[in-house]
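The values are calculated or read from the model by the stated rules, or taken from the named source; none is laboratory data. Quick caveat: nothing in here was measured; it's all calculated off a predicted structure. Here the Cβ positions follow ideal geometry from the backbone for every residue, glycine too, while neighbour counts run over all protein chains shown. Surface areas here come from the heavy atoms of the whole protein model, side chains and all, with no ligands, DNA or RNA. Shrake-Rupley method; radii C 1.70, N 1.55, O 1.52, S 1.80 Å.
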Amino acid sequence: MAIRRNVAVVAPVAGVLLGTLDFIWIKYVPFPFGGLGNSIAVWAVVAFLLTFRNRWTAAAGIAGAIVCLVVAVPSYYLAATLIQHDDPANMYGAAALLWMGLGVVAGAVFGAAGVLARTDGPLRTAAVAVPGAVLFAEATMQIMRIGNPSYDTPDLIAYAAILIVSGVVLTLLAGRSWSQRGLALLLALPLTAAGHVLLTLTGFR
């Protein structure tokens with residue numbers, strides 16, 4: 001019961017903070033670091049870290065990660081309304097509903113990975129590789145845009161480098177030993193390829 005109460009408080013608060021701070025980051029932090037605010041991978045990593053850092057059961061962790069990401073969406077649009085006077089209807093419009101639906105999927109996947117990454121078992125190392133892999137997958141998307149006249153090549157390279165370094169650092173921090181960290185980085189390669197395919201199929205190109 002105490003664990004559930006903790007989730008009921010922490011998850012929605014984390015969601016409000018994520019959505020609000022994400023909009024502020026996008027608005028005021030210059031590129032390439034500002035690009036992290038538009039990153040779907042960063043939101044997925046937040047779901048992972050939320051369950052990785054809290055001692056929740058698998059069910060509570062997954063539910064908490066989903067709540068966090070779903071609440072973050074209207075919080076983002078509310079911040080946009082308060083800061084730059086966007087239409088309040090954006091908080092419950094079609095785009096918001098789509099992002100909340102994706103938040104359910106991402107929360108379930110990355111919330112479960114966060115729990116598994118701190119739990120002894122055969123999937124632990126693979127789970128440690130998951131957050132780095134999603135960052136690497138987004139980096140590959142940026143790299144594949146190089147040469148496209150719609151994008152500035154130096155900006156793409158800089159942003160991809162930030163994503164890659166962040167993925168490596170996160171994997172090193174989540175691992176418990178150097179052997180696990182090394183294996184997790186290797187496992188991140190096929191997971192990155194899978195992530196890239198999923199991002200492409202869902203229209204994130």
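Miscellaneous remarks
- Of the residues Gly175, Gly147, Gly34, the one that moves most in a GNM of the chain with alpha-carbon contacts below 10 Å is Gly147.
- Annotation: peptides 106-112, 88-94, ranked by per-residue average of other Cβ atoms within 10 Å with the highest first, follow the order 106-112, 88-94.
- Here segment 1-53 has 73 percent of its accessible surface on carbon and sulfur atoms, given a 1.4 Å probe and all protein chains in place.
- Order by protection proxy (mean Cβ within 10 Å, highest first), peptides 35-46, 188-199, 64-75: 64-75, 35-46, 188-199
- At full extension, Leu21 and Asn6 could sit 3.2 nm farther apart than now, given 0.36 nm per residue minus the alpha carbon distance.
- Rg/Rh ratio calculated on Cα atoms of the chain (Kirkwood radius): 0.98
- Pairs of alpha carbons in segment 4-90 whose separation is greater than 15 Å (percent): 58
- Where only C-alpha atoms are counted, convex hull volume of segment 119-163 per residue in Å³: 55
- Packing-based ranking, highest mean first, of 81-87, 179-185 given that Cβ atoms within 10 Å are counted: 179-185, 81-87
- Only protein atoms count toward the accessible area here, which uses a 1.4 Å probe; on segment 87-205, the carbon and sulfur part of that area reaches 74 percent.
- Using the Cβ-Cβ distance between Leu198 and Leu97 with R0 set to 25 Å, the FRET efficiency works out to roughly 0.80.
- Across segment 20-35, computed HN-Hα scalar couplings (Karplus, 6.51 cos²θ - 1.76 cosθ + 1.60, θ = phi - 60°) run 5, 5, 5, 5, 4, 4, 4, 6, 10, 9, x, 5, x, 5, x, x Hz from first to last residue, x flagging Gly and Pro.
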